[in-house]
Amino acid sequence: MDIEIKAWLYDILSSIMEIDSFFTDIPKEYSSYRNDIRTRRAVERNIEIIGEALSRIMAKDPTIEITNARKIVDTRNRIIHGYDSVSDEIVWGIVINHLPILQKEVQDLSGE
């Protein structure tokens with residue numbers, strides 16, 4: 001596998017682990033997330049990193065298939081360019097429903 005792709009996969013895994021680390025001292029519940037602006041912004045930043053890494057991977061090697069990659073990239077774009085229309089519920093749904101799947105797929109791709 002290309003060294004750049006490996007680096008981007010590592011960035012995705014690091015961002016997922018960082019998001020998980022935000023919930024070591026607070027419950028991993030929507031209400032905890034919603035009521036903590038610093039956690040929300042930190043999660044959004046990591047989703048931006050994940051989306052950018054996925055965008056680069058898709059451009060470099062379109063044969064790599066990752067579930068919902070396009071949707072995650074689109075969410076990254078929304079967070080960056082449409083910050084005033086970011087839905088906390090959608091971001092939370094990504095954290096709970098999509099990041100565990102993404103983590104498994106990226107670990108499989110990177111051989112971890």
How many residues of segment 81-98 are open to solvent by less than 40 Å² (accessible area, probe 1.4 Å) and free of Cβ contacts under 8 Å to residues at least 40 places away in the same chain? The answer is 3
Selection from segment 22-43 of residues touching a residue at least 40 places away in the same chain (Cβ under 8 Å) and open to solvent by less than 20 Å² (accessible area, probe 1.4 Å) yields Tyr33, Val43
Scanning segment 44-66 for residues that are farther than 19 Å from Tyr10 by Cβ and either under 11 Å from the mean Cα position of the chain (by Cα) or of a type in the set (Ser, Thr, Tyr) (or both) gives Glu44, Thr63
Exercise for the section: Kindly establish whether Ile5 is touching a residue at least 60 places away in the same chain (Cβ under 8 Å) and open to solvent by less than 70 Å² (accessible area, probe 1.4 Å). Expected result: no
Practice prompt. Determine, yes or no, whether Ile47 is in contact (Cβ under 8 Å) with a residue 12 or more places away in the chain, surrounded by fewer than 14 Cβ atoms within 10 Å (Cβ to Cβ) and more than 17 Å from Leu109 (Cβ to Cβ).
Written response: no
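The values are calculated or read from the model by the stated rules, or taken from the named source; none is laboratory data. Just so it is clear, the structure is predicted and the values come from calculations on it, not from any experiment. Positions of Cβ are generated from backbone atoms using ideal geometry, with glycine treated the same way; all protein chains shown enter the neighbour counts. Side chains are part of the model used for accessible areas, which takes the heavy atoms of the whole protein and leaves out ligands, DNA and RNA. Shrake-Rupley method; radii C 1.70, N 1.55, O 1.52, S 1.80 Å.
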